[in-house]
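Scroll down for the structure; my scribbles are underneath it.
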Amino acid sequence: MHLIIDGYNLLGVRGQVGHQAGMASESAREQLLRDLSGYRQRKGYPITVVFDGWQQGIGTERREHRAGVEVVYSRRGERADQVIQRLAEEFGRDCAVVSSDREVADFARARGAFVIGASEFEPRLRALPAGVQRTGLRQKDPVEDDLPRRNPDKKGNARKLPKALRKRNRQLRGF
């Protein structure tokens, strides 16, 4: 499973990009890459992070490897969304796309990719590795706390989620 991440989208969820952000964008990107490197070591997924270069970028797409994470800067005039869509087309069912952009998510789903929103991925990125506990605090399991609830008007077993939600929850457990 190859993980394709919209970098500025994930930084936006963290509140580290935009007009109100107090952190410089370069240091925010570096922190994100450190967090993704730790996530890659825990989970073992190959990770590609795509950042926009369409306004300040150079004329060609730039790729680099940093701490085991592939970083892609889109070329001038091309948005990160277009690069993510191209990668989703290339990997198809063998990738997961992390983006809150609806157009990107719909495109990736149509190609068979698993899509997870940036706000849904962020707690999983910051979660401690298995076996490590915080002292004095109960660590919340993001999978168990964010389960969608079943509509009480439905017929059938009230304790069983619909099939589509059960499938999505199984896929999310891998993250």
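The values are calculated or read from the model by the stated rules, or taken from the named source; none is laboratory data. Worth saying up front: this structure is predicted, and the values here are computed from it rather than measured. Here Cβ is always computed from backbone atoms with ideal geometry, including for glycine, and neighbour counts include all displayed protein chains.
Of the residues that make up region 25-32, is at least one among the basic types (Lys, Arg) and at pLDDT 90 or above?
Checking region 25-32: not a single residue is among the basic types (Lys, Arg) and at pLDDT 90 or above.
Kindly provide the set of residues from region 67-82 that are charged (D, E, K, R) and either surrounded by 15 or more Cβ atoms within 10 Å (Cβ to Cβ) or on the phi > 0 side of the Ramachandran plot (or both), ordered by number. Selection gives Glu70, Arg75, Glu78, Arg79, Asp81. Hey, Gly44 hits all of (1) buried (at least 17 other Cβ atoms within 10 Å of the Cβ); (2) at positive phi but one; which does it fall short on? Unmet condition: (1). Taken over region 61-90, the criterion of being outside any helix (DSSP H, G or I), touching a strand residue (DSSP E or B) at 6+ places or on another chain (Cβ under 8 Å), closer than 24 Å to Gly44 by Cβ and in contact (Cβ under 8 Å) with a residue 12 or more places away in the chain is satisfied by Gly68, Val69, Glu70, Val71, Val72.
Just checking, which of Val50, Val17, Val13 is modelled with pLDDT of 90 or more and buried (at least 16 other Cβ atoms within 10 Å of the Cβ)?
Val50
Against the list (1) assigned to a loop (DSSP other than H, G, I, E, B); (2) among the aliphatic types (A, V, I, L, M); (3) at pLDDT 90 or above, the condition Ile58 fails is (3).
Given the criteria of a type in the set (Gly, Ala, Ser) and modelled with pLDDT of 90 or more, does Ser74 qualify? No; evaluated as a whole, the condition is false for this residue. Whenever a residue of region 147-168 is surrounded by 10 or more Cβ atoms within 10 Å (Cβ to Cβ), its partners that are modelled with pLDDT of 70 or more, lying with C-beta atoms within less than 7 angstrom and at least six residues away or across chains, give the pairs Leu147/Asn169; Pro148/Leu165; Arg150/Ala158; Arg150/Leu161.
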